[in-house]
Ligand SMILES: N[C@@H](CCC(=O)N[C@@H](CS)C(=O)NCC(=O)O)C(=O)O
């Protein structure tokens, strides 16, 4: 069965989905998300502008990279994108939460602070591949404007930029140290954590020229990993035996817990206030206001982004499905990285997604 992936080479989340589909050997073609595709396919089917989408030949439209990945993983025989063992899966889901909802901050900061002219032209090339360069620059500016304006919602500001860079450089050096021991996140072949991290680390942070130059200077092992993920094929390589979770991932998870976890806990608290008097089935707004946060030791303000709790619920569902010795091992891991509070956090309502939007279940 042939699928169509709608996305762009520049987009974080298209990169995540594409890498997983390619590694899995899925038969798919990619359609570039031009303004016409947004108007004729994306907006009518989803109700708002977002990429990537997976279209199936029996008429299904799948949006959200986690759903796309899980769909193709179920649809075809072959090694799963998800690790089969409990702790490796827990680590994968935590890294997905981190890559999707936290590394997006440096991804968007570096893109718009250091690659603005390039990405503006690139957005023009994507929108109007056959137009003149001048026309592409003009179209690119129009397409870029709302995206650039959205960057501050992630918390990118003069107050936080040095902290965002410190956080990212810390991550790069920890991930480099990990990659000196292991070719991929959990062993000799990629899995969900690799594809999630590939999202921010490929499109925005490797492919955008100034970011790529920094990555080459600062973290050659991460550059080599990006290139390995690009060419990896299912069938060669195994995950580490015995549900091993490498010690070299612990510093990455610790950094996640020290900075992303407080934001998630605060987001849950704000959602609790918001959900009072909301009926089941009510749509949850994408942004629930603004709150203070700390990144790389710098304090700033960002939107309270409800979607991150959807990814957190996925982590918690897995954690809560564990029992006995597996649960005890998970608890030890979480305790070591400072993640116990996040795992046991009670979300105020059960979340669901209907019509591509977050709702109260
Ligand atoms: N949770 C979504 C996030 C998708 C997302 O944020 N995509 C970005 C591009 S990488 C987007 O479409 N933003 C709005 C836009 O570009 O118009 C997923 O995993 O698919």
What pairs come up if the first residue lies in region 176-199 and is more than 21 Å from residue 242 (Cα to Cα), the second is at pLDDT 95 or above and assigned to a loop (DSSP other than H, G, I, E, B), and their beta carbons are under 6 Å apart, counting only those six or more places apart or on different chains? 176/219
Residues in region 136-152: is at least one crowded, with 18+ Cβ neighbours inside 10 Å, away from the ligand (no atom under 16 Å from the Cβ) and touching a residue at least 12 places away in the same chain (Cβ under 8 Å)? yes
Flag for residue 43 being away from the ligand (no atom under 12 Å from the Cβ), free of Cβ contacts under 8 Å to residues at least 40 places away in the same chain and assigned to a helix (DSSP H, G or I): no
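Does any residue of region 92-101 turn out to be within 13 Å of the ligand (Cβ to nearest atom), free of Cβ contacts under 8 Å to residues at least 60 places away in the same chain and buried (at least 21 other Cβ atoms within 10 Å of the Cβ)? Quick ask: steps written out before the conclusion?
The first filter runs over region 92-101 and keeps only residues within 13 Å of the ligand (Cβ to nearest atom), leaving 96-97, 99-101.
Checking the rest, the ones that are also free of Cβ contacts under 8 Å to residues at least 60 places away in the same chain come to none.
Within region 92-101, none of the residues are within 13 Å of the ligand (Cβ to nearest atom), free of Cβ contacts under 8 Å to residues at least 60 places away in the same chain and buried (at least 21 other Cβ atoms within 10 Å of the Cβ).
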Of all the residues that make up region 48-70, how many are more than 9 Å from the ligand (Cβ to nearest atom) and surrounded by fewer than 17 Cβ atoms within 10 Å (Cβ to Cβ)? 6
Among the residues of region 182-201, is there at least one that is surrounded by fewer than 24 Cβ atoms within 10 Å (Cβ to Cβ) and assigned to a helix (DSSP H, G or I)? no
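For region 288-326, how many residues are assigned to a helix (DSSP H, G or I) and touching a helix residue (DSSP H, G or I) at 6+ places or on another chain (Cβ under 8 Å)? Walk me through it before giving the result.
Step one: list which residues in region 288-326 are assigned to a helix (DSSP H, G or I), which gives 307-321, 324-326.
Imposing the further condition that a residue be touching a helix residue (DSSP H, G or I) at 6+ places or on another chain (Cβ under 8 Å) reduces the set to 307-309, 311-312, 314-316, 318-319, 326.
Residues meeting the conditions: 11.
So that you can scan it fast, the table gives a plain yes or no per residue for (1) closer than 20 Å to residue 19 by Cα; (2) away from the ligand (no atom under 16 Å from the Cβ); (3) surrounded by fewer than 20 Cβ atoms within 10 Å (Cβ to Cβ); (4) at pLDDT below 95:
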{"site": "114", "(1), (2), (3), (4)": "no, yes, yes, no"}
{"site": "121", "(1), (2), (3), (4)": "no, yes, yes, no"}
{"site": "154", "(1), (2), (3), (4)": "no, no, no, no"}
{"site": "178", "(1), (2), (3), (4)": "no, yes, no, no"}
From the option list 30, 36, 9, single residue qualifying as closer than 22 Å to residue 143 by Cβ and within 13 Å of the ligand (Cβ to nearest atom) is 9
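Going through 24, 18 one at a time, which residue ends up being touching a residue at least 12 places away in the same chain (Cβ under 8 Å), within 22 Å of residue 119 (Cβ to Cβ), surrounded by 20 or more Cβ atoms within 10 Å (Cβ to Cβ) and more than 9 Å from the ligand (Cβ to nearest atom)?
On the way: 24 fails: within 22 Å of residue 119 (Cβ to Cβ).
None of the other options fit; the residue is 18.
Of all residues in region 102-158, how many are over 23 Å from the mean Cα position of the chain (by Cα) and assigned to a loop (DSSP other than H, G, I, E, B)? If you could, list the steps in order and put the result at the bottom.
From region 102-158, those over 23 Å from the mean Cα position of the chain (by Cα) are 117, 121, 124-125, 127-142, 158; that's our starting set.
Cutting the leftovers down to assigned to a loop (DSSP other than H, G, I, E, B) gives us 128-132, 158.
The qualifying residues number 6.
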Which of the numbered conditions does residue 306 fail, given that it passes all the others? Conditions: (1) surrounded by fewer than 18 Cβ atoms within 10 Å (Cβ to Cβ); (2) within 17 Å of the chain's Cα centre (by Cα); (3) within 16 Å of the ligand (Cβ to nearest atom). (1)
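The values are calculated or read from the model by the stated rules, or taken from the named source; none is laboratory data. This one's a predicted model, so the numbers in the text were calculated from it and none came from an experiment. Backbone-built Cβ (ideal geometry, glycine too); neighbour counts: all protein chains shown.
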